[in-house]
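Read through the structure below, which is laid out as structure tokens, and then see the notes.
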């Protein structure tokens, strides 16, 4: 029996350090005041396609931006928006993960659950060799031809 699925609090997104930094700068910049698209593009030094990709990712993460009268406005505080931004994989070792999972906080409990799912995975079933062989063809003898 497996545990019932838990609702996902945020989408699973794998992003680079550069993209995480750009999303953070975007949220901080728009949190200061409403900005036009051109000002945002110039400030972040990005193109139009990248801008719309970032808007789509922010939307998927639950960060709401309103676009009205050619201005983009953050619909929450910068801190609330940052709490929803994805973070790049920190490349932790098992020991580092266990240390963080021992923390008595919401994040520590989430890491403990994640660590438990990794270390408590059942062993995969052994694959059968089929037909009693080793999976390799026997060399042909010259007489067989």
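Once you place label points 7 Å from the Cα toward the Cβ at residue 91 and residue 77, how far apart are they in nm?
A separation of 3.4 nm, rounded to one decimal place.
Place the peptides 113-120, 34-41 in order of packing, highest mean first, counting for every residue the other Cβ atoms within 10 Å and averaging per peptide.
Highest to lowest by the protection proxy: 34-41, 113-120.
Modelled label-to-label distance, residue 41 and residue 14, 7 Å Cα→beta-carbon offset: nm?
Here the modelled spin labels are 3.1 nm apart.
How far apart, in nm, are the 7 Å Cα→Cβ label points at residue 118 and residue 102?
1.7 nm
With equal scatterers on the alpha carbons only and no solvent term, can you work out the Debye log10 of I(q)/I(0) for segment 17-82 at 0.13, 0.24 1/Å?
Summing over Cα pairs of segment 17-82 leads to -0.29, -1.11.
Using Cα-Cα distances under 8 Å and only pairs 6 or more residues apart, what relative contact order does segment 29-138 have, in percent?
It comes to 18 percent, rounded to a whole number.
Under the 0.36 nm per residue contour assumption, what length would be gained going from the current alpha-carbon distance of residue 53 and residue 28 to full extension?
In short, 7.3 nm is gained.
Bear in mind these aren't lab numbers, they're just calculated from the coordinates by the rules spelled out. No experiment lies behind these values; they were computed from the predicted model shown. Methodologically, a virtual Cβ is constructed for each residue, glycine included, from the backbone with ideal geometry; neighbour enumeration extends over all protein chains shown.
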